[in-house]
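The values are calculated or read from the model by the stated rules, or taken from the named source; none is laboratory data. Computed from a prediction, not measured in an experiment: that's the story for all the values here. As a convention, Cβ positions derive from the backbone with ideal geometry for all residues, glycine included, and neighbour counts pool all protein chains shown.
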Amino acid sequence: MSRKRGKRLQDQHEALQAAVLDPEVCLVYDPGIRTYGVCVVNQAIWREFYYYGPGNIFFHRRGAQIDYCPWSGRLLPGDLRYARARTLRDEFGINCAHWETPDTTVLPDGFYRSEEWWATRGIDRRRRPKIRRPHVPEGYYKVWYHDFLDDPKGTGKYRSREKPAHLCRNLSDAMEDIRVMICYIPWTREYGIRRLAVDRLKDEHPVRMVKIDFCPWCGEKLPDSLKQEWQRQIAIAGHSPNDEDLPGKFLTDTWWKEAGL
């Protein structure tokens, strides 16, 4: 019989732990309610502000909550925000809605934003989210909140017009909003979570990402990367990936669809 995996961050997949602890990777973890999310960013990202610092006009203090580990496909431990609200009411007499922040000065040190309160009480909750697959016509992809789709090599403003090779409903919702730091590179058929320098606007540098292997919203295995084959086909055509005159089909999913990959 396999050992049951724990609920703490230290019990999760090594790549998930590394991403959460890396200040440049746009993946956040709230230990107080046991949720993981892909950052939602307007112009700049200061990770230290996500939970503990003041809000600002550039950074939304929230994430697009994910349900599955992007590197193992396992269902993540469930959201405990309602359980925390009940604990505050029953044990401390604090009537506070799950979205409100109580007066933390009357709580034990570290209670509100740590794993200890739920781990020591044995609180557990797992939910299997409802997964729906939207119909997205081939050759069209809806993207909102920006007017910048002109750079085919992908700056921070870039979002693919091509329909991603895998698309469940919640991934579709995330991909449609350019503020969500999920990334799909159609010419290499790779998905990833954006990596941003904490002291720079996101539109000031090219897309960098941490590649993921499973959909964070449905847990399905993502299609295999075609990066090596893309590089090989470019070389056969007498080009290199950084050529200014790289044929347009190598900057879309056209080349691998034509090859039946």
Checklist line | Given (1) at pLDDT below 85; (2) under 21 Å from Ile212 (Cα atoms); (3) in contact with a helix residue (DSSP H, G or I) (Cβ under 9 Å, 6 or more places away or on another chain), number of the condition Trp71 does not satisfy | finding: (1)
Checklist line | Members of the range 232-261 that are assigned to a helix (DSSP H, G or I) and surrounded by fewer than 14 Cβ atoms within 10 Å (Cβ to Cβ) | finding: Arg232, Ala235, Ile236, Gly248, Glu258
Next item on the list: Could you list all residues from the range 225-242 that are more than 30 Å from the chain's Cα centre (by Cα) and of a type in the set (D, E, K, R)?
Entry: none
Next item on the list: Looking at (1) more than 21 Å from the chain's Cα centre (by Cα); (2) at pLDDT 85 or above; (3) among the small types (Gly, Ala, Ser), find the lone condition where Gly32 falls short.
Entry: (1)
Item checked: Some residue of the range 20-29 being within 27 Å of Arg169 (Cα to Cα), surrounded by fewer than 19 Cβ atoms within 10 Å (Cβ to Cβ) and at pLDDT 85 or above -> yes
Note to self: Give all pairs with beta carbons closer than 8 Å in which a residue from the range 91-115 that is within 19 Å of Arg8 (Cα to Cα) meets a residue that is aliphatic (A, V, I, L, M); count only pairs at least 6 apart in sequence or on separate chains.
What the structure shows: Glu115/Leu9
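A quick yes/no check of all residues on (1) modelled with pLDDT of 85 or more; (2) under 27 Å from His13 (Cβ atoms):
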residue: Pro164; (1), (2): no, yes
residue: Met175; (1), (2): no, yes
residue: Arg179; (1), (2): no, yes
residue: Pro186; (1), (2): yes, yes
residue: Leu196; (1), (2): no, yes
residue: Cys215; (1), (2): yes, yes
residue: Glu220; (1), (2): yes, yes
residue: Ala235; (1), (2): yes, no
